[in-house]
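J.: Following this message is one structure expressed as structure tokens.
The values are calculated or read from the model by the stated rules, or taken from the named source; none is laboratory data. Here the structure is a predicted model, which means the values were calculated and not measured. Virtual Cβ from ideal backbone geometry, glycine too; neighbours counted across all protein chains shown. Side chains are part of the model used for accessible areas, which takes the heavy atoms of the whole protein and leaves out ligands, DNA and RNA. Shrake-Rupley method; radii C 1.70, N 1.55, O 1.52, S 1.80 Å.
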Amino acid sequence: MEQRTYNQYCATARTLDLVGERWTLLLIRELLTGPKRFGDLQASLRGLGTGLLAARLKHLEREGLARKVTLPPPARTSAYALTEAGEELGPAVLALARWGMRWALGERREGETFHPGWAVLGMEACFVPEASAGLHLVYEFRVDDEVFHAEVDDGAVHLVHGPAQRPDASIAMSEDVLIAMASGRSSMGAAIEDGSAAVSGDPAAVRRLADLFHIPAPRSRRPDQAAQEAEQAEQAGQAEG
């Protein structure tokens, strides 16, 4: 497959030459949370055909963004992992996620797939470092059958798939509750208060959750019609003056 290029000597254009093709950044998103087998990637990226997935992975390998690895026992199977260069795309992907939660996500559309595991990066994107100064806490999240945990450590957070050994607090919810949070119809605090999210563990750690992870309030990308009309009227008045 011939690689397309913007043919511009520009860092942004060169980066888009590498990761701007459809599905490529979503592959990066999947690998940011750890090595994945080919089948794992197929399961998470429904709609991406086997041939195109193989081509995108070869592209990432060829460009030095991903590499093949062997998973440790008991799996001992082949998988794909990001290289150092691929890992450094993490902040850019998180920035896109934060922007998307505010300006693009909205309500779930009919036919859209959703995987609770995507919340791992979503929560990292929502983390508030200044709220965690001096704190050392571990939170375990269970969303239906998906389990992941967050290790909060004095201004930093590390999110990992799988259960925590000794969580300070555990939070369980359904996929529908998580989607309501992501769309802005609910919040972690509201879900805990109304019982749609079940919590256990240290009450003080539970109370800190809303400060540590803040989902941006959704906003419309289209200017308010009334504000537009007022601005036009003001411009018209200035023109007449």
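J.: Can we say Arg67 is open to solvent by 50 Å² or more (accessible area, probe 1.4 Å), among the basic types (Lys, Arg) and either part of a helix (DSSP H, G or I) or out of contact with any Phe, Trp or Tyr (no Cβ under 8 Å at 6 or more places or on another chain) (or both)?
T.: no
J.: Which condition does Glu124 not pass, out of (1) more than 17 Å from Glu30 (Cα to Cα); (2) outside any loop (DSSP other than H, G, I, E, B), if it passes all the others?
T.: For Glu124, the exception is condition (1).
J.: Would it be correct to say that Ala85 is of a type in the set (A, V, I, L, M) and open to solvent by 30 Å² or more (accessible area, probe 1.4 Å)?
T.: Yes: the conditions hold for Ala85.
J.: Please determine, by comparing only the residues of the range 105-163 that are touching a Leu at 6+ places or on another chain (Cβ under 8 Å) and of a type in the set (Ser, Thr, Tyr), which one is surrounded by the fewest Cβ atoms within 10 Å (Cβ to Cβ).
T.: Step by step, filter the range 105-163, then rank; the result is Ser132.
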